[in-house]
1. I'd like the residue in segment 86-115 that is charged (D, E, K, R) and under 22 Å from residue 44 (Cβ atoms) and, out of all such residues, is most open to solvent (accessible area, probe 1.4 Å).
2. Among the residues of segment 6-34, count how many are open to solvent by less than 70 Å² (accessible area, probe 1.4 Å) and over 15 Å from residue 52 (Cα atoms).
3. Which of the residues spanning segment 4-20 are free of Cβ contacts under 8 Å to residues at least 60 places away in the same chain and more than 23 Å from residue 133 (Cβ to Cβ)?
4. Which residue, of 47, 124, is closer than 18 Å to residue 11 by Cα, open to solvent by 60 Å² or more (accessible area, probe 1.4 Å) and in a loop (DSSP other than H, G, I, E, B)?
5. Taking segment 63-79 as the region of interest, how many residues are at negative phi and either surrounded by fewer than 18 Cβ atoms within 10 Å (Cβ to Cβ) or assigned to a loop (DSSP other than H, G, I, E, B) (or both)?
6. Counting just the residues of segment 29-54 that are closer than 17 Å to residue 123 by Cβ and among the charged types (D, E, K, R), which one comes out farthest from the chain's Cα centre (by Cα)?
7. Go through segment 69-93 and give me each residue that's of a type in the set (Val, Ile, Thr), more than 16 Å from residue 21 (Cβ to Cβ) and modelled with pLDDT of 90 or more.
8. Please pick out the residue among 17, 41 that is in a strand (DSSP E or B), of a type in the set (Gly, Ala, Ser) and in contact with a strand residue (DSSP E or B) (Cβ under 7 Å, 6 or more places away or on another chain).
Amino acid sequence: MYGSEGEWTYVLENDHAAIWETGFRRVPSMRPSPGEEVLCASRNLYSPPAAILHVEGDEVMWRAEFGTTTGHGSALDAALTAAGAVFPSIPDATADEVTAYYEQHGARLPTLVFTALGVYTGLSIDQDAAQAGNLPAVHLLAP
């Protein structure tokens with residue numbers, strides 16, 4: 001399913017992975033053009049870890065696994081942190097503290113990440129409409 005809001009065009013996929021993430025390195029036409037911002041988040045259920053890829057318009061790709069920032073100090077990183085989507089890591093915390101935090105909050109991580117992405121982009125996608133299939137859709141057949 002897809003749509004647009006403000007300056008963003010979004011694509012929602014239900015194949016447990018994002019086509020752009022898996023293809024942009026191999027398919028030249030999928031690479032961002034100068035000045036084009038791309039934000040791709042995928043739970044990568046078939047090939048973990050879940051990750052965010054971000055190109056801010058300068059053709060440089062930043063990557064973050066769910067629970068971390070890109071390390072770039074960007075507005076996206078600030079949104080992830082503010083939403084509680086950045087979890088403690090070693091050496092900032094002990095291994096036991098990190099494990100306990102993930103056990104307590106890990107199930108909420110995708111929700112926290114997608115909330116942060118919504119704040120960053122200004123997108124508000126009606127989750128009920130998406131789950132019901134009530135957004136424009138296209139079915140892409142595998143070659």
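The values are calculated or read from the model by the stated rules, or taken from the named source; none is laboratory data. Remember, predicted model here, so these are calculated numbers, not experimental data. In this analysis, Cβ positions are derived from the backbone assuming ideal geometry, glycine residues included, and neighbour counts consider all displayed protein chains. Accessible surface areas use protein heavy atoms only, side chains included; no ligands, DNA or RNA. Shrake-Rupley method; radii C 1.70, N 1.55, O 1.52, S 1.80 Å.
1. For segment 86-115, the residue satisfying everything is 103.
2. 5
3. 7
4. On inspection, the qualifying residue turns out to be 124.
5. The initial filter retains those residues of segment 63-79 that are at negative phi, namely 63-66, 68-70, 72, 74-79.
Retained after the next criterion (residues that are either surrounded by fewer than 18 Cβ atoms within 10 Å (Cβ to Cβ) or assigned to a loop (DSSP other than H, G, I, E, B) (or both)): 63, 65-66, 68-70, 72, 74-75, 78.
The total comes to 10.
6. 36
7. Start the filter on segment 69-93 by keeping residues that are of a type in the set (Val, Ile, Thr), which leaves 69-70, 81, 86, 90.
With more than 16 Å from residue 21 (Cβ to Cβ) added as a condition, the list becomes 69, 81, 86, 90.
69, 81, 86 - these are the residues of segment 69-93 that are of a type in the set (Val, Ile, Thr), more than 16 Å from residue 21 (Cβ to Cβ) and modelled with pLDDT of 90 or more.
8. Going through 17, 41 in turn, just one is in a strand (DSSP E or B), of a type in the set (Gly, Ala, Ser) and in contact with a strand residue (DSSP E or B) (Cβ under 7 Å, 6 or more places away or on another chain): 41.
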